[in-house]
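Q: Encoded as structure tokens, here's the structure I'll be asking about.
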Amino acid sequence: MIATPVIATAEAPVYRLGEFHRFEGAGERFLYLVPAGAIFQVDQAVDALIESLSEGAAPLDQLIENLVARGLEADDAKQLVTEMAHASVIVTGKAWAEPVQSPPADFPLQTLVLNLTNQCNLACQYCYEFGADKVATPEGKPKFMDFATAKASVDFLLQQSAGRRSIHVTFFGGETLMNFPLLKQVVTYANQVAADNGRHIDFSLTTNATLLTPVIIEFLSANRIGVTVSMDGNKEMHDKLRVFANGKGSYDIIAPKVRELIQNHRTRPIAARVTLTSGVTDVVKIFRHLKQDLGFHEVGFAPVTTSPNQLYAINQRGMDGVLEQFHVLADEYLQFALRGEAHGFSNVSDTLAELCQGVNKSHPCGAGLGLLGVGPSGDIAPCHRFVDSDQHALGHISTGIDRQKQADFLQRGHIDSKYDCHTCWARPLCAGGCHHEAFVRYGDTGHPNLHYCDWIRDWTNTCLEIYGAIAARNPGFLEQFAERKAAS
Amino acid sequence: MRHMRPLNKKAARIDNYVVSRTTEDDVVALQSPPAPARPHVPMACSLMFTPGWEVDAAGGTAGLCQPVERDIYDCFVSCYWPAQVPDHLNNAPDWTSKCASATKDWRNLDLVFP
């Protein structure tokens, strides 16, 4: 078929709006550029430009005319258009989505999560390792990791992380402290080989706190091991689902141990990690209890990962309530930040850290990329949540990463393959959300988590507003986030 | 930039870029603006207004503006390059002598044995 000859025309380019999200904070106006992830404070001239083009695309001379009519000098208007076009706030011609860069094939490892055991002394009903939605298939596999596997894992981390100054080992379970003897051995061994190789290695662990003893706390503090305690609030809320096998709640056992941990472990901040479920959504009350009554330095919240039909799943109304309470704490965070004080609501600080860098993610997290999980059997998983799952294994610690399976996992999870996300302004930060959550909900690790899109956009907007307000009123507060990332 | 203040690291990089692009306009020697993005059109012996092996709106070849057999002559007559059909210039000047109308007589186009 004869195509109409394409004749290059010398017509003036027609300008229209690029992709960005507008927000306000502390009375100032800001733009979040998508997909770059850049944040700019803008003045009235930029507003005038955006409003002008909101009415429809316009060629240069008409655009200048519109801007002059809105009170700008002609020269200033021209420079404004040039600058905004270079920054892609406004664009001409056909939109060409720039492909998101894929990470290089030899992306160095940074964090290894060692599941020291898949056994646990609690029987929390919502557990993703044992509950109804579990992906793990631990039958016939070792229940406790042995030192040979742990040693091989540390060697593997050092070898696969070439070029990184500092690397991390995170201890996980099951209940991590059920294999404390191995933890001690690993710390000693890893410190020694890291030092021999001129590298820096640091450690963290997640625990339910039931097995903490003064000796363990002293060891954790002496070795600067970061501790996150899984804890869901006060006795009433915590004991709803965080129970022993006989159904008895674990709050009374852990509360004194947690106080002791916070008092005696002085080398790293101690964090609480709260799982929100249908009966446990009073975010402000939980935060007050964990932060003020118990003394945690940081408290982070996440809704339970579950298929929607579980009794403990939070319904839409529940999620709206959670978001409302997040806003209360977020406002409080901002007031603290403007005074230069730490507030401790990690859901805000984690997002601010990413906003400070201006991340534009190809993948929602480092799973399968800079982070891998290793199960007690030595199986490699994309992260700790997939450990012991035959379906998701990415190789074995003795034979290394199965590059084909890894490539498949990463290709599924890449933002380019999530078409639903391509028109969303929050995608530079979200990138479709947790692989594991997607698998539990949709049966595919690469499926975008469409059930919480509105939630993510609202929360990202809230954090942007906080970021903007802090940047306008107390910019020094944001320096800690620049350093936080640089340290890794 | 005059009207936007960068507030994070990515914004600072964009700011540097824009400032460098908008303040160095006085240096023009050997510089040309980057070509605007265009659709990828494969340009080779098949010119963009020559029909390739395409189909018509119904998915067949009957409704094309020119017969598909017309393509044979693009490679036969005008091109010296050893292509999928014999060349007219050097090796097979008489290849189409039994083919008065390509649409009807294309079956007469035979293999050529050098």
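Q: Which entries in the list A:LYS134/A:LYS361; A:LYS141/A:LYS235; A:LYS78/B:LYS9; A:LYS240/A:LYS361 go over 31 Å, if you measure between the two C-alpha atoms of each?
A: Going by Cα-Cα distance, A:LYS141/A:LYS235; A:LYS240/A:LYS361 fall outside the 31 Å limit.
Q: What is the gain in length, in nm to one decimal, between A:ASP416 and A:SER102 on full extension, counting 0.36 nm per residue of separation less the C-alpha to C-alpha distance?
A: Answer, rounded to one decimal: 112.1 nm.
Q: What net charge do the residues around A:PRO142 carry, taking every other residue with its C-beta under 14 Å from that of A:PRO142, with Lys and Arg at +1 and Asp and Glu at -1?
A: Neighbourhood net charge equals -2.
Q: Gain in length, A:THR92 to A:LEU211, computed as 0.36 nm per residue apart minus the alpha-carbon separation, to one decimal in nm?
A: Between A:THR92 and A:LEU211, full extension yields an extra 36.6 nm.
Q: Calculate, for A:ASP252 and A:VAL328, the FRET efficiency according to 1/(1 + (r/R0)^6) with r their C-beta to C-beta distance and R0 30 Å; round to the nearest 0.05.
A: E(calc), rounded to 0.05, equals 0.55.
Q: In nm, to one decimal, how far is the A:ASP196 label point from the A:LYS141 one, both placed 7 Å along Cα→Cβ?
A: 2.9 nm
Q: Would you mind working out the magnitude of the charge dipole of the range A:419-463 relative to its Cα centre, with +1 at each Lys and Arg C-beta and -1 at each Asp and Glu C-beta, to the nearest 20 Debye?
A: Approximately 80 debye in magnitude.
Q: Quick one: A:VAL348, B:VAL55, fewest Cβ neighbours within 10 Å first, how do they rank?
A: B:VAL55, A:VAL348
Q: May I ask you to derive the FRET efficiency for B:VAL19 and A:GLN44 from their Cβ-Cβ distance with R0 = 22 Å, giving the value to the nearest 0.05?
A: About 0.55, to the nearest 0.05.
Q: Determine the sum of side-chain charges near A:GLY375: Lys and Arg each +1, Asp and Glu each -1, restricted to other residues whose C-beta is under 10 angstrom from that of A:GLY375.
A: -1
Q: For A:GLU175, A:GLU55, which order do you get if you count the other beta carbons within 10 Å of each Cβ and list the fewest first?
A: Ascending number of Cβ neighbours within 10 Å: A:GLU55, A:GLU175.
Q: For an R0 of 41 angstrom, estimate the FRET efficiency from the Cβ-Cβ distance between B:ALA57 and B:VAL112 and round to the nearest 0.05.
A: The pair B:ALA57/B:VAL112 has a calculated efficiency of 0.70.
Q: Using Cα centres only, tell me the gap between the range A:174-192 and the range A:229-296 in whole Å.
A: 24 Å
Q: Using Cα centres only, tell me the gap between the range A:158-172 and the range A:22-58 in whole Å.
A: 40 Å
Q: Sticking with the crude label model, points 7 Å out along Cα→Cβ, report the distance from A:LYS151 to A:ARG70 in nm, one decimal please.
A: It is 6.9 nm.
Q: Right, something else. What nm distance separates the two modelled labels at A:VAL359 and A:ALA123, each placed 7 Å from Cα along Cα→Cβ?
A: Between A:VAL359 and A:ALA123, the label points sit 3.7 nm apart.
Q: Then there is this: Just how far, in whole angstrom, is the range A:447-480 from the range B:84-114 if you go by their alpha carbon centroids?
A: Cα centroid to Cα centroid, the span is 69 Å.
Q: As I understand it, the value is the acute angle between the Cα axis of helix A:60-69 and the longest principal axis of the Cα atoms of chain A; what does it come to in degrees, rounded to 10?
A: 90 degrees
Q: Moving on. Can you give the three extents of the C-alpha atoms in chain A along their principal axes, from longest to shortest, in whole Å?
A: 74, 55, 49
We did not get these values from a lab; they are worked out from the coordinates using the rules stated. Bear in mind that the values here come from a model prediction, so they are computed numbers and not experimental data. Ideal geometry is used to build each Cβ from the backbone, glycine not excepted, and the neighbour counts take in all protein chains shown.
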